[in-house]
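Pasting a structure below so you can have a look.
What follows draws every value from the coordinates through simple rules; no lab data is involved. All values derive from a computational prediction rather than experimental measurement. Ideal geometry is used to build each Cβ from the backbone, glycine not excepted, and the neighbour counts take in all protein chains shown.
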Amino acid sequence: MKIAFEGKADFSGISSEHLHITEVKHKTFVEVNETGTEAAAATTVIMSRNIQRKIVVEMLVDRPFFFAIRDNHSGTILFMGEITNPEN
């Protein structure tokens, strides 16, 4: 699996570009209370071209806000969320 994160990775089955995995993130949520259980999980895999440099963007969140992430081509909303208490 280590090679998937290096420049020698072969993802030719999904793209003609030379790609490698730069990040994998997994987030889970579990809540158990007197009315039942709620659980969710999401995993993201970020891939980059081997020649591309990673660009880091810093964002200061100091007030509540709503956000939506949409696909530029189709206009489809992929994710929506709300930051209600940025102090936490």
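Just Glu58, Glu31, Glu23 to compare: in a GNM of the chain, with alpha carbon springs under 10 Å, which one fluctuates most?
Glu31
From the mean inverse distance of alpha carbon pairs (Kirkwood) and the Cα radius of gyration, derive Rg over Rh for the chain. Please report the intermediate quantities before stating the final value.
Values: Rg = 17.8 Å, Rh = 16.7 Å.
Dividing the radius of gyration by the Kirkwood radius yields 1.06.
Taking Cα pairs under 8 Å and at least six residues apart, what relative contact order does the stretch 2-83 come out at, in percent? Don't jump to the answer; show the numbers that get you there.
Details: 102 pairs, mean separation 15.8, N = 82.
In percent, rounded to a whole number, it is 19.
Looking at Phe11, Phe29, Ala40, which one has the Cα that reaches farthest to the positive end of the dipole of the stretch 2-83 (charges on Cβ: Lys, Arg +1; Asp, Glu -1)?
Looking along the dipole axis, the top candidate is Phe11.
Under a 10 Å cutoff between Cα atoms, tell me which one of Val57, Val32, Val24 has the largest fluctuation in the Gaussian network model of the chain.
Val32
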